[in-house]
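Everything below concerns the one structure shown next.
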Amino acid sequence: MRTQYYTATSLDGFIATTDDSLEWLFSLGDVEETSYPEFIKEIGALAMGSATYEWMLRHVLKPDSATPGEWPYQQPNWVFSHRELPRVPNVDLRFVKGEVRPVHEQMRAAANGKNIWLVGGGDLVGQFYDAGLLDEIIVQVGSVTLGAGKQLLPRQILSPSLRLVSAQKFGDGFAELRYEVRARQ
């Protein structure tokens, strides 16, 4: 069981624009032609911050649209937020706030031996890193720069550094880098 941050970033290290847009990402390739289909099969629980959850509501579920979408994950989902957020009917959503360590224990139990996916954002992932709970970073580096936006991982990770496990090309738009997070002494 591993706790993984699987995400995409621009070449200059941003996962979203300053106004939380991901439009830059969709023109770079099809998610089904990346490692995602195999990755998601090994996931037993997910965690995300409120900005990620709200983006999912607006852009995936689109409740006020003529063609609303469906929640894409069957696994239990933890949403970290200090605010009251709308719920999605018939979806295993658990709204939490506070320290990540006790929530991580709940996630491990629910994942039943499978991996935990930290969907984002970067600061939430940083909290898991700070608590020594992040095992792996899998990042699809897109062939664009944004100049500003939401950082991939707003933390200094210097010693020990991450260990590059693999690098792979997906189409013309992405290079996937897999890093192991080494235990701090």
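The values are calculated or read from the model by the stated rules, or taken from the named source; none is laboratory data. What you see is a predicted model, and the numbers here were worked out from it, not measured in a lab. Heads up, the Cβs are rebuilt from the backbone with ideal geometry, glycines too, and the neighbour counts pull from every protein chain shown. Ligands, DNA and RNA are excluded from the accessible area calculation, which covers all protein heavy atoms including side chains. Shrake-Rupley method; radii C 1.70, N 1.55, O 1.52, S 1.80 Å.
Give just the number: which of (1) in a helix (DSSP H, G or I); (2) within 17 Å of the chain's Cα centre (by Cα) does Pro102 not satisfy?
Unmet condition: (2).
Search the stretch 119-130 for residues that are more than 11 Å from Thr52 (Cβ to Cβ) and open to solvent by 10 Å² or more (accessible area, probe 1.4 Å) and pair each with any residue that is part of a helix (DSSP H, G or I) and of a type in the set (Val, Ile, Thr) when their beta-carbon atoms are under 7 Å apart and the residues are at least 6 apart or on different chains.
Within 7 Å, the pairs are Gln127/Val100.
Residues of the stretch 76-112 being in contact (Cβ under 8 Å) with a residue 40 or more places away in the chain, open to solvent by 20 Å² or more (accessible area, probe 1.4 Å) and under 11 Å from Leu46 (Cβ atoms), which ones?
The one that is in contact (Cβ under 8 Å) with a residue 40 or more places away in the chain, open to solvent by 20 Å² or more (accessible area, probe 1.4 Å) and under 11 Å from Leu46 (Cβ atoms): Ala110.
Against the conditions (1) within 19 Å of Tyr6 (Cβ to Cβ); (2) assigned to a helix (DSSP H, G or I), where does Ile138 fall short? Just the number, please.
Here Ile138 meets the rest and fails (2).
Please go through the stretch 64-87 and give me each residue that is in contact with a strand residue (DSSP E or B) (Cβ under 7 Å, 6 or more places away or on another chain) and of a type in the set (S, T, N, Q), ordered by number.
Passing the criteria: Gln75, Asn77, Ser81.
Which of the residues that make up the stretch 153-164 are touching a helix residue (DSSP H, G or I) at 6+ places or on another chain (Cβ under 6 Å) and open to solvent by less than 40 Å² (accessible area, probe 1.4 Å)? Don't jump to the end; show me each part of the working.
The initial filter retains those residues of the stretch 153-164 that are touching a helix residue (DSSP H, G or I) at 6+ places or on another chain (Cβ under 6 Å), namely 153-155.
Passing the criteria: only Leu153.
Sort through Ala175, Ala167 and tell me the only one that's closer than 26 Å to Glu32 by Cβ, free of Cβ contacts under 8 Å to residues at least 12 places away in the same chain and open to solvent by 30 Å² or more (accessible area, probe 1.4 Å). Spell out the reasoning first.
Working: Ala175 fails: free of Cβ contacts under 8 Å to residues at least 12 places away in the same chain.
When all the criteria are applied, what remains is Ala167.
Sort through Leu57, Leu61, Leu28 and tell me the only one that's in contact with a strand residue (DSSP E or B) (Cβ under 7 Å, 6 or more places away or on another chain) and either crowded, with 17+ Cβ neighbours inside 10 Å or of a type in the set (A, V, I, L, M, F, W, C) (or both).
Leu28
Looking for something in a strand (DSSP E or B) and not β-branched (Val, Ile, Thr) - is there at least one such residue anywhere in the stretch 144-158? Walk me through it before giving the result.
The first filter runs over the stretch 144-158 and keeps only residues in a strand (DSSP E or B), leaving 150-151.
Among the residues that remain, those that are also not β-branched (Val, Ile, Thr) are: 150-151.
Yes, that holds for at least one residue.
Report every pair of residues separated by at least 6 positions or lying on different chains whose Cβ atoms are under 6 Å apart, first residue within the stretch 19-33 and in contact (Cβ under 8 Å) with a residue 24 or more places away in the chain, second surrounded by 11 or more Cβ atoms within 10 Å (Cβ to Cβ) and in a helix (DSSP H, G or I).
Correct list of pairs: Asp20/Ala51; Asp20/Trp55.
Which residue out of Arg163, Arg184 is at pLDDT 95 or above, more than 19 Å from the chain's Cα centre (by Cα) and not small (Gly, Ala, Ser)?
Checking each option against the conditions leaves just Arg163.
When you scan the stretch 1-81 for helices (runs of 4 or more DSSP H) that lie fully inside it, which ones turn up with 2 or more residues that are modelled with pLDDT of 95 or more and closer than 24 Å to Ala175 by Cα?
Qualifying helices (runs of 4 or more DSSP H): 36-41.
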